[in-house]
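K.L.:
Dropping a structure here in structure tokens format, bear with me for questions.
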Amino acid sequence: MTKPHRIRFPLGQIVATPGALAACTREHLTACLYRHGRGDWGVVCAEDAARNDAAVTDGDRILSAYPIDRDKPCQGFGDNCLWIITEGDRSATTFLLPDEY
């Protein structure tokens with residue numbers, strides 16, 4: 001299935017934790033944000049991806065996970081993982097590392 005190229009939901013204010021800023025380049029954060037906004041949830045499990053798809057219209061929280069270093073494994077949590085969370089009310093989207101949650 002092809003994902004749309006447009007942003008599917010409001011992102012609100014874009015913020016980042018100190019850990020996410022230290023771990024990722026601005027270019028990487030921007031690329032991940034674009035993927036998140038168009039519905040490419042990264043390396044989340046199938047159940048979380050389905051929840052995210054429903055959340056786009058239901059107004060629930062959306063969580064995506066991407067590798068910090070694309071050449072290393074990423075399981076959607078733990079080391080080498082960047083999370084992006086958009087709040088259910090769409091007031092904010094936050095970059096963070098899993099251990100900062």
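K.L.:
At a 1.4 Å probe, what is the % contribution of carbon and sulfur to the accessible area of the chain?
P.N.:
Accessible surface attributable to carbon and sulfur in the chain totals 54 percent.
K.L.:
Nearest 10 degrees, 0 to 90: what angle lies between the long axis of helix 26-37 and the longest principal axis of the chain (Cα atoms)?
P.N.:
Value to nearest ten degrees: 30.
K.L.:
In addition: At 7 Å along the Cα-to-beta-carbon direction for both Leu21 and Val56, put a label point, then send me their distance in nm to one decimal.
P.N.:
Modelled inter-label distance: 3.1 nm.
K.L.:
Okay, next question. Only bridges with both residues in the chain count here: give the DSSP antiparallel percent, nearest 5.
P.N.:
On the way: 10 of 15 bridges.
Within the chain, antiparallel bridges account for around 65 percent of the total.
K.L.:
Let me ask you something else. Report the extension gain between Gln13 and Arg70 in nm, rounded to one decimal, defined as 0.36 nm multiplied by the number of residues separating them, less their alpha carbon distance.
P.N.:
On the way: separation 57, 0.36 × 57 = 20.52 nm, distance 2.64 nm.
Extending this stretch completely gives an extra 17.9 nm.
K.L.:
Relative to the Cα centre, what is the charge dipole magnitude of the chain, using +1 at the beta carbon of each Lys and Arg, -1 at the beta carbon of each Asp and Glu, and rounding to the nearest 20 debye? Write down the numbers at each step before the final one.
P.N.:
On the way: 11 positive and 14 negative charges, 90 e Å.
That gives the chain a dipole magnitude of about 440 debye.
K.L.:
Taking a point 7 angstrom from the Cα of Val43 along the C-beta vector, which residues in segment 82-98 have backbone N less than 20 Å away?
P.N.:
82-86, 94-98
K.L.:
Set Lys and Arg Cβ to +1 and Asp and Glu Cβ to -1, take the dipole of segment 4-101 about its Cα centre, and tell me which of Pro10, Ile84, Ile68 lies farthest positive.
P.N.:
In segment 4-101, that residue is Pro10.
K.L.:
Over the chain, with the other protein chains present, what is the accessible area per residue in square angstrom, probe 1.4 angstrom? Let's see the in-between values first.
P.N.:
Numbers: 5890 Å² over 101 residues.
Heavy-atom SASA per residue in the chain reads 58 Å².
The values are calculated or read from the model by the stated rules, or taken from the named source; none is laboratory data. Computed from a prediction, not measured in an experiment: that's the story for all the values here. With ideal geometry, Cβ positions are generated from the backbone for all residues, glycine too; neighbour counts draw on all protein chains shown. Areas reflect the complete protein model, heavy atoms only, side chains present, ligands, DNA and RNA absent. Shrake-Rupley method; radii C 1.70, N 1.55, O 1.52, S 1.80 Å.
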